[in-house]
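The values are calculated or read from the model by the stated rules, or taken from the named source; none is laboratory data. Everything quoted here is computed from the prediction, not taken from an experiment. For neighbour counting, all protein chains shown are included, and Cβ atoms are generated from backbone atoms with ideal geometry for every residue, glycine included. Accessible surface is based on the protein model in full, side chains and every heavy atom, while ligands, DNA and RNA are left aside. Shrake-Rupley method; radii C 1.70, N 1.55, O 1.52, S 1.80 Å.
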Amino acid sequence: MKHTSLQIIRDEHSSLAAMLRSMTMMVEHGPGDNPEQFFDVLRAMLFYIDEFPERLHHPKESDLLFPRVVRASPSVMAAVQKLENDHINGEKAVRELQHLLLAWELLGEPRRPAFVAECNRYVKFYLEHMRLEETVILPEAEKVLTPAEWKELDAAFEKNCDPLAGKYSPDPAYDRLFTRIVMRAPAPIGLGDA
């Protein structure tokens, strides 16, 4: 049986992974001759990470998916506790990364190493977080949740409609953000000047 919520979660993870990897490529490339564009794109990427996953995706996992899976399968409690801890600390972590980026932009090269190190740590952390959800929680959910629970989860997750997944009608506000990232990020990340 196909569960819309699982596909939405996987699509959102895919979009977020692409954003994280693009952010890493941007940082590796560095500001080059266009620091204004570089910092603008990274700020927009971090804003997306803070805005969509932290405010829409994670709360539905924490409030709807995880409790149901743990109730039906207590064996995943340790994984859920780790994921919940990640969710609790995620907003703080992305805000810290935004602050470190601003410090690099405003105070210059001496602040670059701190941002780069934290960005690499954050990307690794986030990719591992999604891997744990997809390899432990989602397969367990498929085994233990009832049709009624799936119906409720599907209805809740269908409201997310991540604009970067490319499968949903764009929300004008997020469409503008996505367009800004794509049009300003240098090739091969986006369509901007390399």
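Taking the criterion of being modelled with pLDDT under 95 and outside any helix (DSSP H, G or I), would at least one residue in segment 33-42 satisfy it?
yes
Here is a list of conditions, (1) at pLDDT 85 or above; (2) surrounded by fewer than 13 Cβ atoms within 10 Å (Cβ to Cβ); (3) among the basic types (K, R), and K159 meets all of them except one; can you say which number that is?
Condition (1) is where K159 drops out.
Take the residues in segment 13-65 that are small (G, A, S) and within 25 Å of K82 (Cα to Cα), then tell me which one is farthest from the chain's Cα centre (by Cα).
If we filter segment 13-65 for residues that are small (G, A, S), which is where we start, we get 14-15, 17-18, 22, 30, 32, 44, 62.
Restricting the remaining residues to those that are within 25 Å of K82 (Cα to Cα) gives 14-15, 17-18, 62.
On the way: S14: 9, S15: 7, A17: 7, A18: 9, S62: 15 Å.
Once the filter is applied, the top-ranked residue is S62.
Taking the criterion of being open to solvent by less than 50 Å² (accessible area, probe 1.4 Å), over 17 Å from E133 (Cβ atoms) and of a type in the set (A, V, I, L, M), would at least one residue in segment 6-24 satisfy it?
Checking segment 6-24: at least one residue is open to solvent by less than 50 Å² (accessible area, probe 1.4 Å), over 17 Å from E133 (Cβ atoms) and of a type in the set (A, V, I, L, M).
Kindly establish whether V69 is in contact with a Ser or Thr (Cβ under 6 Å, 6 or more places away or on another chain), in a helix (DSSP H, G or I) and either touching a residue at least 12 places away in the same chain (Cβ under 8 Å) or not hydrophobic (A, V, I, L, M, F, W, C) (or both). Working first, answer last.
Numbers: in contact with a Ser or Thr (Cβ under 6 Å, 6 or more places away or on another chain): no; in a helix (DSSP H, G or I): yes; either touching a residue at least 12 places away in the same chain (Cβ under 8 Å) or not hydrophobic (A, V, I, L, M, F, W, C) (or both): yes.
When the stated conditions are applied, V69 does not pass them.
What single numbered condition from (1) open to solvent by 70 Å² or more (accessible area, probe 1.4 Å); (2) touching a residue at least 24 places away in the same chain (Cβ under 8 Å) fails to hold for G90?
For G90, the exception is condition (1).
Taking the conditions exactly as written (open to solvent by less than 20 Å² (accessible area, probe 1.4 Å) and part of a helix (DSSP H, G or I)), does V76 satisfy them or not?
Numbers: open to solvent by less than 20 Å² (accessible area, probe 1.4 Å): yes; part of a helix (DSSP H, G or I): yes.
So V76 fits the description; yes.
So S62 clears everything in (1) more than 19 Å from G90 (Cβ to Cβ); (2) among the hydroxyl-bearing types (S, T, Y); (3) surrounded by fewer than 20 Cβ atoms within 10 Å (Cβ to Cβ) except one condition, right? Which one?
Among (1) more than 19 Å from G90 (Cβ to Cβ); (2) among the hydroxyl-bearing types (S, T, Y); (3) surrounded by fewer than 20 Cβ atoms within 10 Å (Cβ to Cβ), S62 violates only (1).
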